[in-house]
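Trainee: Got a structure for you, questions after.
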Amino acid sequence: MKVLVTGGAGFIGHHTVRALQAAGHRAVVFDNLRRGNFARLPAGTPCVEGDVRDADALVEAAAGCEAIVHLAAQADVMGSACDPRYAFETNVTGTWNAARAAQQTGARLVFASSREVYGNPKKLPVREDAPRKPHNTYGLTKCLGEDIVASEVLEVPGLAILRLSNVVGPGDSGRVVPRWIEQAASGMPLTIYGGKQVLDFVPVETVTAAILRCFERGAVDGPINIGSGRGTTLPELAMRLGTAGVEWLPERAVDVQQFVADTLRMRSVLGIAPPADPVAGIASAGASV
C-alpha cells in the first residue's frame with residue numbers, strides 16, 4: 001500500500017514511516033520542515049517539502065496513494081497559545097485540506113487527534129463518549145479537525161480518528177519529557193509547572209501499531225483513545241529520570257491537570273494492549289533517531 005504521511009519528518013511521523021516500511025508499505029512524506037527533518041528518515045524515502053495549508057500541493061502529493069496518515073499539526077499546547085493563527089490555519093484548514101485530498105483521491109484517512117479534546121475531565125479514566133470540552137487552543141483545533149474529517153459533507157473513505165495521549169519516545173524535542181531529559185543530563189533541576197498534573201503517557205511504538213492496525217481494519221466507527229490507561233504524576237516522572245532536584249513554578253492556565261485514557265476500545269477494536277509500564281526507558285525519550 002502506498003501511504004502519504006503528512007508531518008512524516010516529525011517525531012511521531014518518522015516513527016510511523018519506519019513502521020510502515022517495516023510492514024511492507026510504501027511511505028511518501030509531506031512536511032514543511034518547521035520541526036521535522038528529512039535526514040532522519042530511511043534512505044530512499046520519497047519526500048515532498050510542502051505545507052498542509054496548500055491544498056493543491058497536498059492533493060498532488062496524495063496522487064496514487066491508497067491511504068493518508070494525517071499527523072501534520074501545530075502539536076504544542078504552548079505554541080498554539082502563543083500563535084493561535086498558525087495553529088488554526090495548520091490544524092483546522094490543514095485538516096480540511098487533508099480530508100479533501102482523501103476524498104478526491106479515494107484514499108483512506110487516519111487522523112491523529114488528541115486527548116486535549118476532553119479538556120479537564122471530571123472522571124477518570126476517560127471514555128471516548130465523554131464530553132469534549134477543550135481547555136486550550138490546541139484542543140479546540142483538534143475538536144474542529146475531528147468534526148471536519150467525520151463530516152457527511154466530505155464522506156471521507158475508510159476514516160479512523162485516534163485520540164493520542166502524551167506520546168513519548170526517541171526523537172522528540174521541545175516538549176516536557178525531552179526538555180527534562182536535557183536538564184537532567186546537564187545536572188540542572190527539572191522545571192515543573194504546578195506539579196499536581198496526572199497524565200497518561202504512551203510509547204510512540206503503541207501509536208504506530210495503532211495506525212497500522214487501522215489499515216488492516218479500514219474504517220473505524222468513532223474515535224479511539226490511544227494511551228496506557230495509567231496515570232503518572234509529574235513528580236513520579238521526575239523521579240524516574242533520577243534527577244537531583246526540582247524547580248517548582250506556578251501552574252500554567254493552558255495546561256490540562258488530569259487525564260487517563262480508557263483503553264477498552266483500543267483493546268477491543270484494534271486488538272492492541274496498553275503498555276505495562278508506559279514510562280519504561282523514559283530516559284532515552286529525548287535521544288535522536
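Trainee: Which order do the peptides 152-164, 95-107 take when ranked by the mean count of other beta-carbon atoms within 10 Å per residue, highest first?
Mentor: Most protected by this proxy first, the peptides run 95-107, 152-164.
Trainee: Shifting gears a bit: What's the ranking of 66-79, 221-234 by average number of surrounding C-beta atoms within 10 Å, highest first?
Mentor: The most tightly packed comes first, giving 66-79, 221-234.
Trainee: I've got another one for you. Relative to the longest principal Cα axis of the chain, at what angle does helix 137-149 sit, 0 to 90 degrees, rounded to 10?
Mentor: Taking the Cα atoms of the chain, the angle to 137-149 is about 30 degrees.
Trainee: Angle between the Cα long axis of helix 11-22 and the longest principal axis of the chain, 0 to 90 degrees, nearest 10?
Mentor: The answer is roughly 50 degrees.
Trainee: Moving on. Roughly how many Å is it from the Cα centre of the stretch 43-60 to that of the stretch 102-144, as a whole number?
Mentor: If you average the Cα positions of each part, the centres end up 24 Å apart.
Trainee: In whole Å, how far is the Cα centre of the stretch 20-40 from that of the stretch 194-233?
Mentor: Each part reduced to its Cα centre gives a spacing of 21 Å.
Trainee: Can I ask one more? Please determine, in degrees from 0 to 90 and to the nearest 10, the orientation of helix 94-105 with respect to the longest principal axis defined by the Cα atoms of the chain, where the helix direction is its Cα long axis.
Mentor: For helix 94-105, the angle is close to 30 degrees.
Trainee: Send over the per residue convex hull volume for the stretch 26-113, Cα only, as a whole number of Å³.
Mentor: In the stretch 26-113, the Cα convex hull volume per residue is 91 Å³.
Trainee: Probe radius 1.4 Å, ligands and nucleic acids ignored: give me the carbon and sulfur share of the accessible area of the chain as a rounded percent.
Mentor: Answer for the chain is 52 percent, counting heavy atoms of protein chains only.
Trainee: Per-residue ellipticity at 222 nm for the chain, helices alone: DSSP H runs ≥ 4 residues times -39500 (n - 2.57), over residue total, nearest 500 deg cm²/dmol?
Mentor: After summing the helix terms and dividing by the residues of the chain, the value is -9000 deg cm²/dmol.
Trainee: Let me ask something additional. For a quick protection proxy, order the peptides 247-260, 205-218 by their average other-Cβ count within 10 Å, most packed first.
Mentor: 205-218, 247-260
Trainee: Moving on to the next point. Which value, in Å², gives the accessible area per residue of the chain when a 1.4 Å probe is used on the protein heavy atoms?
Mentor: 42
Trainee: Which lysines have a Cα lying under 27 Å from the Cα of Lys2, excluding residues fewer than 8 positions away in the same chain?
Mentor: Qualifying lysines at Cα under 27 Å: Lys142.
The values are calculated or read from the model by the stated rules, or taken from the named source; none is laboratory data. These figures come from a predicted structure and were not determined experimentally. Because the Cβ atoms are built from the backbone with ideal geometry, glycine has one as well, and the counts that use them run over all protein chains shown. For accessibility, only protein heavy atoms count, side chains too; no ligands or nucleic acids. Shrake-Rupley method; radii C 1.70, N 1.55, O 1.52, S 1.80 Å.
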